[in-house]
Amino acid sequence: MSRNRQSAKKAGTAMETAVEHYLQWALNDQRIIRRRLHGSNDLGDIANIFFHGQPVCVEVKNTKRLDATKHYNEAVEEAGNLDSPYPWVVQKKPRVGLSTLERIGRQLAYTDWDTYNTMCALADNDRYFTPRIRTEFLGRRKQLVCVTLKSLALILNDGLPLGPEGQS
């Protein structure tokens, strides 16, 4: 394996591990783990995330270029393999490190508008937290909605505070 490929693999592994640890902390669930590769039947990079009883497919990317449409299409394919209605991509944000939970929570998370709206409608029974989530649109036709990983965790946690009880 070439040196550049090794460093890219190492960066990808570091990002996947950071997302795994962040979601374990945020959702207070140690069953959330990095998934082993499944070849052509890949099921996403992070396992054991569920939203209202349905699996969530999380594809993690640490690439120099934000190729949102390509990465999202990969997440959709893997969500199909997982039988998940919720494909998400978590992308490393340039110049934002992985050294603290706060920095990891600032990484990008994106999906399509319908998935985002469906999940927010299910998660936000009292309509308090989703208006505070800042969204951005991605893709040539602005078909993808982007939030932070922290915002995705809030949605997955039905708007409840993140982290073990007593921590913020």
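The values are calculated or read from the model by the stated rules, or taken from the named source; none is laboratory data. Not measured: the values here are computed from a predicted model. Neighbour counts run over all protein chains shown; Cβ positions are idealised from the backbone, glycine included. In case anyone asks, the SASA skips ligands and DNA or RNA and just uses the protein heavy atoms, side chains included. Shrake-Rupley method; radii C 1.70, N 1.55, O 1.52, S 1.80 Å.
Taking every protein chain into account, the 1.4 Å probe leaves SER99 with about 90 Å² of accessible area, to the nearest ten.
Since only LEU162, HIS52, VAL90 are under comparison, the one whose Cα sits farthest along the positive direction of the charge dipole of the chain, derived from C-beta charges on Lys, Arg, Asp and Glu, is VAL90. Here's how it looks for ARG35: its modeled amide H is under 5 Å from those of ILE46, ALA47, which are all 5 or more places away or on a different chain. Distances between placed amide hydrogens fall under 5 Å for VAL60 paired with ASP45, VAL90, all partners being 5 or more residues away or on another chain. Check which residues have an amide H placed less than 5 Å from LEU144's amide H, if you skip close sequence neighbours. Amide H to amide H, under 5 Å and 5 or more residues apart or across chains, LEU144 pairs with LEU138.
What net charge is computed for the residues neighbouring TYR110, neighbours being all others with C-beta under 11 Å from the C-beta of TYR110, Lys and Arg scored +1, Asp and Glu -1? Computed value for this residue: -2.
Considering only beta bridges that DSSP places wholly inside the chain, some 75 percent are antiparallel. In terms of its Cα atoms, the chain spans 52, 37, 29 Å along the principal axes, sorted from long to short. Rounded to the nearest 10 square angstrom, PHE50 shows an accessible area of 120 square angstrom against a 1.4 Å probe. Here the sum of -39500 (n - 2.57) over DSSP H runs of 4 or more residues, divided by the residues of the chain, equals -12000 deg cm²/dmol at 222 nm, to the nearest 500. Cα centroids of the stretch 132-157 and the stretch 52-86: how far apart, whole angstrom? Computed from Cα coordinates, the inter-centre distance equals 14 Å.
The residues ARG141, ARG95, sorted by heavy-atom accessible surface at 1.4 Å with ligands and nucleic acids left out, run ARG95, ARG141 from largest to smallest. Couplings 3J(HN,Hα) for the stretch 52-63, derived from phi with the Karplus relation 6.51 cos²θ - 1.76 cosθ + 1.60 (θ = phi - 60°), are 6, x, 9, x, 10, 8, 10, 9, 9, 10, 10, 10 Hz, where x marks Gly and Pro.
Return the percentage of antiparallel bridges among DSSP beta bridges fully within the stretch 7-98, rounded to the nearest 5 %.
Numbers: 5 of 11 bridges.
Of those bridges, close to 45 percent are antiparallel.
Only helices reaching 24 angstrom along their own axis (Cα) with mean Kyte-Doolittle hydropathy no lower than -1.0 count here, and for the DSSP H runs of the chain these are 3-26.
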